[in-house]
Amino acid sequence: MTTAILIDDDANLRAGMRQLLSMYAPEINVLGEAESVQSGVEAINLLQPQVIFLDIQLSDGTGFDLLEKLAEMNGKISSQVVFITAHEQYAIKAFRFSALDFLLKPVDPEELQKVIHKIKNVLAKSDNYAHIDLLLENIRRKVDNFKRIALSTSDGIHLFEISDIIRCESEDNYTKFFIKNNKPILISKTLKEYEDLLTEHGFERIHQSHLINLVYLKSYIKRDGGYVVMADNSNLPISQRKKERLQELLKTL
């Protein structure tokens with residue numbers, strides 16, 4: 001069994017979440033509930049759950065305040081966190097950069113099962129909670145231009161500087177990251193998801209299989225259908241519809 005706690009200021013939503021977990025994730029043992037930052041911190045310290053299901057808006061603050069208090073009191077956070085939230089764009093963006101799981105209200109049973117499956121895998125393979133520190137760092141800074149990204153792999157969660165990512169390559173429903181001074185890392189998310197996150201950081205999708213960091217582009221070769229040479233000496237094709245866009249971007253670099 002995986003132990004959990006529910007923290008939400010709405011008793012009806014906590015009851016609904018309990019019911020969803022009992023129906024779709026019976027392996028989750030809910031040890032207790034809380035409705036505020038203060039009662040949540042007390043319950044977590046008392047019950048030591050493996051997973052915290054946490055609403056963003058609580059009666060006396062936010063879920064981020066709760067995590068800050070936990071970190072201050074205990075030196076670190078030692079539970080996995082799943083945020084349950086309405087559609088708040090900034091928070092969701094911060095979650096995605098931090099590889100933190102979240103569920104949108106109303107909670108979809110299929111999405112819940114996916115998150116539970118992922119959480120169980122993470123708990124079995126890692127006790128690294130650095131991605132939660134990254135989330136709090138991003139929330140504190142209150143800027144959209146995040147500097148680091150957390151990548152969740154089969155062996156745990158790893159943090160990297162976005163500026164060190166050379167390129168990303170699609171492998172079916174996976175994405176392979178090529179990072180300066182690191183071995184390639186395979187992530188079980190699509191390239192489209194990372195295109196959405198990284199485009200504003202100077203990345204460009206040049207092909208259905210390739211997303212590149214323009215900083216690491218060495219050459220654009222027009223022959224042989226057109227391709228680019230990257231700083232890691234990879235030769236990557238350019239799709240026909242991306243050529244004009246890439247040429248325009250290169251004029252601005």
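The values are calculated or read from the model by the stated rules, or taken from the named source; none is laboratory data. A quick note: this is a predicted structure, and the numbers were derived from the prediction, not measured. Cβ atoms come from the backbone with ideal geometry, glycine included; neighbour counts cover every protein chain shown. Protein only, heavy atoms only, side chains kept; ligands, DNA and RNA dropped before computing areas. Shrake-Rupley method; radii C 1.70, N 1.55, O 1.52, S 1.80 Å.
For residue 210, nonlocal amide neighbours, meaning residues 5 or more places apart or on other chains whose placed amide H falls under 5 Å from its own, are 170.
Output the antiparallel fraction of DSSP beta bridges having both residues in the stretch 20-107, as a percent to the nearest 5.
Numbers: 2 of 11 bridges.
Of all bridge pairs located within the stretch 20-107, approximately 20 percent are antiparallel.
Between the listed residues 51, 117, 86, the Cα displaced farthest toward the positive end of the dipole of the chain, a dipole computed from Cβ unit charges relative to the Cα centre, is found at 117. Bridges between two residues of the chain, per DSSP, are antiparallel at a rate of about 60%.
Express the relative contact order of the stretch 182-253 as a whole percentage, based on alpha carbon pairs under 8 Å and six or more residues apart in sequence.
Numbers: 69 pairs, mean separation 14.5, N = 72.
For the stretch 182-253, the relative contact order is 20 percent.
Answer rounded, prolate or oblate for the stretch 88-198, using the Cα gyration tensor with square roots of eigenvalues a ≥ b ≥ c: rounded when a/c is under 1.5, else prolate when a/b is larger than b/c, else oblate. If you can, show how the numbers build up before the last one.
On the way: a/c = 1.41, a/b = 1.14, b/c = 1.24.
Rounded, because the longest to shortest axis ratio a/c is under 1.5.
Amide H contacts of residue 99: 150, each under 5 Å away and 5 or more positions distant or on a separate chain (H built 1.01 Å from N in the peptide plane; Pro and chain starts excluded).
For a quick check of your reading of the filter: which GluC sites (Glu not before Pro) in the stretch 19-126 sit in a DSSP loop and have no more than 11 other Cβ atoms within 10 Å? Of the GluC sites (Glu not before Pro), the ones in loops of the stretch 19-126 whose Cβ has at most 11 other Cβ atoms within 10 Å are 27.
So what's the back-of-envelope 222 nm ellipticity for the chain, counting only DSSP H runs of four-plus at -39500 (n - 2.57) apiece and dividing by all residues, rounded to 500? Please report the intermediate quantities before stating the final value.
Details: 8 runs with 93 residues, N = 253.
Theoretical 222 nm ellipticity from helices: -11500 deg cm²/dmol.
Only protein heavy atoms count here; on that basis, with a 1.4 Å probe, residue 207 has an accessible area of about 40 Å². Over the chain, what relative contact order in percent results from Cα pairs under 8 Å that are six or more residues apart? Here the relative contact order equals 11 percent.
Of 239, 98, which has the most accessible area with a 1.4 Å probe, and how do the rest follow in descending order?
On the way: 239 30, 98 0 Å².
From most exposed to least exposed: 239, 98.
Karplus-based coupling profile of the stretch 230-235, in residue order and whole Hz: 9, 4, 8, 6, 7, 9, with θ = phi - 60° in 6.51 cos²θ - 1.76 cosθ + 1.60 and x standing for Gly or Pro. For the chain, would you read off the P(r) tail past 34 Å as a percentage of all alpha carbon pairs? In whole percent, the share of Cα-Cα pairs in the chain beyond 34 Å is 26. For the stretch 79-196, the relative contact order is 19 percent, taking Cα pairs closer than 8 Å that sit 6 or more residues apart in sequence and dividing their mean separation by the residue count. When only the Cβ of Lys, Arg, Asp and Glu is charged (+1, +1, -1, -1), the dipole of the stretch 165-206 relative to its Cα centre reaches about 240 debye.
When the dipole is taken about the Cα centre of the stretch 42-197, and only Lys, Arg (+1) and Asp, Glu (-1) are charged at their Cβ, what size is it in debye, to the nearest 20? Walk me through the numbers on the way to the answer.
Working: 20 positive and 24 negative charges, 86 e Å.
Computed about the Cα centre, the dipole is about 420 debye.
3J(HN,Hα) along the stretch 176-181: 9, 9, 10, 10, 3, 6 Hz, from the Karplus curve 6.51 cos²θ - 1.76 cosθ + 1.60 with θ = phi - 60°, whole Hz, x for Gly and Pro. In order along the stretch 186-191, the Karplus-derived 3J(HN,Hα) couplings, from 6.51 cos²θ - 1.76 cosθ + 1.60 at θ = phi - 60°, round to 9, 10, 8, 9, 6, 4 Hz, and Gly and Pro are given as x.
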